[in-house]
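Visitor: One structure coming up, written as C-alpha cells, with questions to follow.
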Amino acid sequence: MHRFLAWSLVCFVVFSIPVFSTAEVEPTGVPDPESVFGFAPGADRKLIDYSQLIDYVEQVADASPRVAVTEIGRTTLDRPMKLVFISSPENLARLDELRSINRRLALDPLIPDDERESLVASSPVFLMATLSMHSGEVAPAQTLPLLTHLLATTDDPEILSWLDDVVVMVVACLNPDGMDMIVNHYRKNLDTPYEGGSMPGLYHHYVGHDNNRDFVALTQAESRAVSRAYSTDWYPQVLIDKHQMGQTGPRYFVPRYHDPIAENIDGGLWTWSDVFGSGMAREIGAAGLTGVASNWVFDEYWPGATTTSHWKGVISLLTEAASARVATAVFVEKSERRVRGKGLSEYKKSVNMPSPWPGGWWRLGDIVNYELASWRGALKTASMMREEILTFRNDLCRAEIERGRTEPPYYYVIPSIQHDVSERDHLVALLAEHGVEVARLAADVTVGDRSFAAGDFVVPLAQPYRPFIKEVMEHQRYPVRHYTPDGEVIRPYDITSWSLPLHLGVTAIELETRSESLEAALAGLDDPGVTRPQTDTVWGVALDPRDNASYRVVFAALDAGARVARAPEGMTVGETTLPPGTFVVEKPRGAVAESLAGTRFHPLAARPDVELISIAKPRVALIETWYHDMDAGWTRYLLEDYGVAYTVVRPGDVATADLAGSFDVVVFPDADKDVLTEGKYKTGGEYRVNDYPPECRKGLGEDGSKQLNAFIESGGTIVAWGRSTEVFFENLTFGEGDQAMEIELPVRDDAEDLGEAGFYAPGSLLSVQLNTDHPVSWGMPDEFGVFTRGRPVLGTGLPILIADRRVLGVFPEEDILLSGYAENVELLADRPAMVWARAGRGQFVFFGFQPQFRASTPGTFKLIFNSLLLPKVGEDMAGVAGVAR
C-alpha cells in the first residue's frame, strides 16, 4: 500500500480500513489533527469549521519549516482568506525569488534559452488548489489538515522528493463564510430528522453556488482574491479546483474533459490536463478505490469558473467526488446507481469508467480517502514532469505572443466615446485586474478604412493571456459537436455567451489588420487618481442617464435626502445635449458630492428651465425564497452595489408584511412559480417532498396572494423577470365579496409552446429593439443585447376592464442571436422582450430576459433602476410618451 494513502487511513479505523503504523512517521512538534480536534477529519457526523481549519494549519506552520500561511484577501463577510504553502524548507525560504521566476516564465517570451534552462533546472512546479468553494461540498477542506500534517511530518523519501520538486499552494477554503454556514447548520440539526439536509438560503452571502461562475466578471471578493493569486501574483503552473457532486453517480471525476472545449485554449493544455487526470486516476485505482470517471459530463468550454486560469496558460483541473449527506453516511443500493449526461449512458464498465463502484455505504471518510489519493497523483505527476511543465509554461507564453503578432485579430479598440462611459472604464479596469495589458492611443490613427482618435483604448493580442483576451472580447459562436455524425448536438454544461463588450454595452472594434502606425502610437494608461468634485457652490448637477455610474449618485442622493428630479424631454447644459431621463440633483454636498467622483456630471448654476419630474427614494421589497435562491442573491448584490435600500421578504411572510403600507416596489427575481406560491417544487404535476425545515417551506398561499393584490390595487409596482413572471399571469382579484373584480393582465408566457416548437436558449445574448420614450427605457440605446435562458417568452393580447399593456422592446425580425448558441431562435422574431402593464393604479414591468444575470450584464442594469424609479400611474406619468393614461 502507498505510504501516502496508508498514513491517511490511520484516521479511519472505524471504517474497517487497513491501518498504517504511526511508528513510520517521524516524531515532530507538529500536532496531529485528531489531538487538536478531538476526532479525525472525515469521521462520521463530525466537521471542523473555518476557524478550526485555519488555527490548525497555522499551528503546523509555526512548528514545521515545510508549511507557511499567508492572507490573500478578505471574504464578503470579512473573514481572512488564507493561502497555505507546503514544500521543502529550501523552497519556502525562496518563495519571493520563485514567485519572480514564475512571473518570468509566464510572461516573458524573451528569456534567453540558456538562462531559461537554468531557471527551469532550479525551480519547482507551483501546484495551486482551491477547496470547497461550494460549501456543502465539505470533503476537500476537511481533508486539508490530514494532507498538511502528512506533508509536514513524513520521512518518506519519495514524498520528500516531491516536496523538493513541487510547491503546493492551497486556498484553504474558497468560501470561508459558507463553510461556517454549512457547518453550523449541520451541527444544529444533528440527531434531528433534518440531519444532513439542505441549508435554507445561500451558502455565500450573495451568490451561493454561483460563486463558481464569477471568474470573468470578478464581482465577489473571494473570486477577486483567487484570480489575483493565479493571474497577477503567484503565476502557478497547475491549478486543481476540488468539488463534489451527487450521491448516486460515479465516485470521482478527473479530466479528461468532455466536449465541447474552448477553441481559444492551446491544444497542449488539454493534453496536460489528460496527463494529470490519468495520474490521479492511476493513484486512486492503485489504492483500491473504484468508480473513477473521466470524459464525462464536465466540459471546459465556458470561462467563469475557478478554472478560468486555463485561458491564462495554467494547466487547470477539476475534480468532483460523490457526496454523502454532508458528514452523514448514505447507503446506495446497486440498483440506485445512476449516470447522467455526456460520456456515460450506463453504469457499466467502460473506457470512461473502467472500474465501476459496486454500491453500498458512502461516508465522508471515503471521500477524504479519494481526495488524498488524488493529491498523491497530482503531486507525483507534477514532480515527475517538473522540467517539462515549467518549460511548457514559457513555451506557451512565447506561442501566444507569436500568435498575437501573426494571426488575426491583432487588437481590440475600445473607443473613448461610448454610450455608457462608466462601463467603458469598468471594462478597462476589469481587463487590467485580469492581468491584461491595455494601452491608449497617443495620437489619431487610421487602420484600413477605420479611424481612431487619441485617447481610444487598445488591447493588443500579442500577450501571454491572448486566449483570455480573445475569449472575453469576441462574440461567442458555439462549437457545435455531435454524438454521432449529423446526430444529436452535444449541449453545453452552462451558458454560451460572456462577451464583455456586449454584456457591458460597450463598443469594441476587432481589427484583423496589423498596423505599425497604431503600435507606434500606443502609450501607457495614465492614473489621474480620484479627486473630490468641488460642488459646494453650485445649485446642482445634471447626470447623464446613459451612464450606470449616474444611478449610484442618484441613489446616494436619495438616501441622503437630497432633492432629485428627471427631465422627461432631456436638457442642454452649455454645449452638451443630454437625453430624456437626465437626472438633476440639487445641492450635492458631503457624501453625495463624493459619489460624483469619476462620473460624467454637469454643474448647474441655477434650476434648469425644463420640465422636471421629482422622484422619491423608492421603498423596495425583494422577494427571496429559502431554496438556494441565487438570482435573488445576485439581485441583492446589485442593489447594494448601487446603494439601493431594500427589504428581503420571504414568500411565506408576504401574508403579514403589509406590502401596500410599507413598500412602493416589489421585485420578483427569477424563481420557480410553485416555490413562490406553494413553497415546494412540482415535477410531472406532483409536488415534491424536500428536506427544508417547515418554516422555510411556505409559499405565498391564499393570504399572501391577497396581500399582493392589495399592494397592486393601491398603486404599487411589480418588477419581475424569469419564471417569477408566471405568478402574475393568472387572474388578479381587487376588492372583496360582492365588490371583488377579477382582472386578467393582457400578458402571458409562451415559453412552453415555443419550447415544443424547438426554441432553446441555454444562456444566450439576443438583440432587442427598444421603445426609448418610456421611463423604463431612459438612458438605453435603441438596440442592445439581452441575456436569456429561454423563459419567459412574453406575449400580449388586447386588454379588458382596467388592465393595459405597452410593449417596450421586441426581438428583431432577423439577426436575433448576438452571441452564444440558440436553436430555432427565429421563433422569437417580432415578439415582445419587455412589457409594461397596469391593472388599475398598479403597474408591472416584465422582462423576457434576465436583466442582471450573475451581475455580468451591466448593459441592462439601467432597466431595473428605471423600473424602481417609475412615477405612479395617473400622476407624474401623464405627460410621458408611451404610457397609457
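The values are calculated or read from the model by the stated rules, or taken from the named source; none is laboratory data. Every value quoted in this text rests on a predicted model; they were computed, and no experiment measured them. Neighbour counts are summed over all protein chains in view; Cβ atoms, including those assigned to glycine, are modelled from backbone coordinates with ideal geometry. Ligands, DNA and RNA are excluded from the accessible area calculation, which covers all protein heavy atoms including side chains. Shrake-Rupley method; radii C 1.70, N 1.55, O 1.52, S 1.80 Å.
Visitor: Do any of Lys46/Lys242; Lys82/Lys242; Lys242/Lys342; Lys334/Lys673 go past 25 Å between their Cα atoms, and which?
Guide: Among Lys46/Lys242; Lys82/Lys242; Lys242/Lys342; Lys334/Lys673, the Cα-Cα distance tops 25 Å for Lys334/Lys673.
Visitor: Given 4 °C and 1.567 mPa s, how large is the Stokes-Einstein diffusion coefficient of segment 25-140 in µm²/s, with Rh as the Kirkwood radius over Cα pairs?
Guide: In µm²/s, the coefficient rounds to 76.
Visitor: Still on this structure: How would you rank 861-870, 668-677, highest first, on the average number of other Cβ atoms within 10 Å across their residues?
Guide: Result, highest mean Cβ count within 10 Å first: 861-870, 668-677.
Visitor: Using only the alpha-carbon atoms, what does segment 483-562 span along each of its principal axes? Please give whole angstrom values in decreasing order.
Guide: 72, 42, 18
Visitor: Sorted by accessible area with a 1.4 angstrom probe, largest first, how do His209, His503 fall?
Guide: Putting His209, His503 in descending order of accessible area: His209, His503.
Visitor: Indicate the gyration tensor shape class of segment 74-229 (rounded, prolate or oblate), computed on the Cα atoms with a ≥ b ≥ c the square roots of the eigenvalues: a/c under 1.5 is rounded; otherwise a/b larger than b/c is prolate and the rest oblate.
Guide: The shape class here is oblate.
Visitor: Helix 548-559 versus the longest principal axis of the chain: what angle, 0 to 90°, nearest 10, using Cα atoms?
Guide: Approximately 70 degrees, to the nearest ten.
Visitor: Now for a separate question. Under 37 °C and 0.692 mPa s, how fast does segment 154-226 diffuse according to Stokes-Einstein, given a Kirkwood radius computed over C-alpha pairs? Answer in µm²/s, whole number.
Guide: Reported coefficient: 216 µm²/s.
Visitor: Between the DSSP loop rule and a limit of at most 11 other Cβ atoms within 10 Å, which trypsin sites (Lys or Arg not before Pro) in segment 258-357 are left?
Guide: Lys348, Lys349
Visitor: Place a label point 7 angstrom from the Cα of Val489 along the Cα-to-Cβ direction, then list the residues of segment 778-808 whose backbone nitrogen is under 17 Å away.
Guide: Only 788-791 pass the distance filter.
Visitor: Using every alpha carbon pair in segment 629-751, what percent of pairs falls into each 5 Å bin from 0 up to the bin containing the largest distance?
Guide: 2, 10, 18, 24, 21, 15, 8, 2, 0, 0
Visitor: Among the GluC sites (Glu not before Pro) in segment 295-355, which ones are in a DSSP loop with at most 13 other Cβ atoms within 10 Å of the Cβ? Mind listing them?
Guide: Within segment 295-355, the qualifying GluC sites (Glu not before Pro) (loop, at most 13 other Cβ atoms within 10 Å) are Glu333, Glu346.
Visitor: Taking square-rooted eigenvalues a ≥ b ≥ c of the alpha carbon gyration tensor, is segment 165-288 rounded, prolate or oblate, where a/c under 1.5 means rounded and, failing that, a/b exceeding b/c means prolate?
Guide: It comes out oblate by the Cα gyration axes.
Visitor: Just round it to a whole percent: the fraction of Cα-Cα distances in segment 729-862 exceeding 25 Å.
Guide: Tail fraction, whole percent: 29.
Visitor: In whole Å, largest first, what are the principal axis extents of the Cα atoms in segment 229-357?
Guide: In descending order, the Cα extents are 47, 30, 27 Å.
Visitor: What is the diffusion coefficient of the chain in µm²/s, taking the Kirkwood radius over Cα pairs and the Stokes-Einstein relation at 25 °C with a viscosity of 0.890 mPa s?
Guide: In µm²/s, the coefficient is 84.
Visitor: Simple spin-label model, 7 Å along Cα-to-Cβ: Glu744 to Ala606 in nm?
Guide: 5.7
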